[in-house]
Every structure is written in C-alpha cells, then in structure tokens.
Amino acid sequence: MASSTPSTDQKDAPETEPAGRAVETPAEDLGNMLADEAEQVERELGFSGTFRPPKTLSTAQRGQELSLSCMSGPLRDQSWPISETPLIIGRDDSCHVRVDSDEVSRRHASVVLCQGNIWVKDLGSRNGTFVNKHRTKERILTAGDQLRIGPCVFVVHL
C-alpha cells in the first residue's frame, strides 16, 4: 500500500507556483533583472549576442590611458586613445583612424570603452575585422589583443 507522506526527494524539491514553475529566490530575481538591463544597454549601443558579465578594469588600469597602437601597415607607430567615445576605423575622411586602403571599408569597425570593457565591433565591413587571427563581429578586447583591419595590425594597451 502506498504511503501518503511525501518522500525525501519531494520535501527537498523547490517550491513551485501553481503552473509548475520554480519560484525564484530574491538573488536569482536580481540576477535576472541585471542581465535584462545589461542586454538592453548592449542593444542601445548596437551590440548583440548573449549577456557577458562586465569585467571591470582595476583601479590601477583606470588611471592609465587605454590606447590602440598600430604595429604594422601604413599607420605603423601611431596610437589613439580608447574612451567612451567610439573610435571609428575606416577609409572615410570622417573616421578617427583613417586607413587609405581598398581592403578597408569606409566605416569598417569601432572600438569603444563600455561598462569597463573595451569592445570592438565590425560595422558591416566587406573584408572583416579580425582579433588574434579570428574573424569577429563584436567582442571584448584585452591587453595585447591584435586587431587586424585591412593591411593594419593594431594592439590594445591598458
């Protein structure tokens, strides 16, 4: 004859709402709210993809100038500061970093500091944006990463 008392497994199971959904704890609820807010900010800035928790720069790194330097190509030995203002790289005269090459689109890519991370985003270029030899649409850059756009190879300095 079956017992009417719940088994140990049933006692330890999370509480459920009438529809069978697990009840979120306050911490899970807050985490989901933060993830939703971060995704909204990424959409507003034009970034897509899955939420990545921010990797904030240390106090020492925030005091230093973040920069993008050209290691090879026609802009060799030149550097540009990275900030919250997008640094646009391309062939067009309006770009902050102008690369005069048919391999480079008019507005090829942008590099920007956002929520403590340095992001690169391909702006729909024909020949692609490469980070450490891998083609990318967008990603977070770290110190020493190599960014190739056309004939130029840039390196990120923190």
### Query
Which whole-Hz couplings ³J(HN,Hα) result when phi for each residue of the range 150-158 is put into the Karplus expression 6.51 cos²θ - 1.76 cosθ + 1.60, θ = phi - 60°, listed in order with x for Gly and Pro?
x, x, 9, 10, 9, 10, 8, 10, 9
### Cβ charges +1 (Lys, Arg) and -1 (Asp, Glu), total dipole of the range 103-158, debye
200
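Coordinate-derived values only; no laboratory data. Note that the structure is a prediction, hence the values are computed from the model and not measured. Methodologically, a virtual Cβ is constructed for each residue, glycine included, from the backbone with ideal geometry; neighbour enumeration extends over all protein chains shown.
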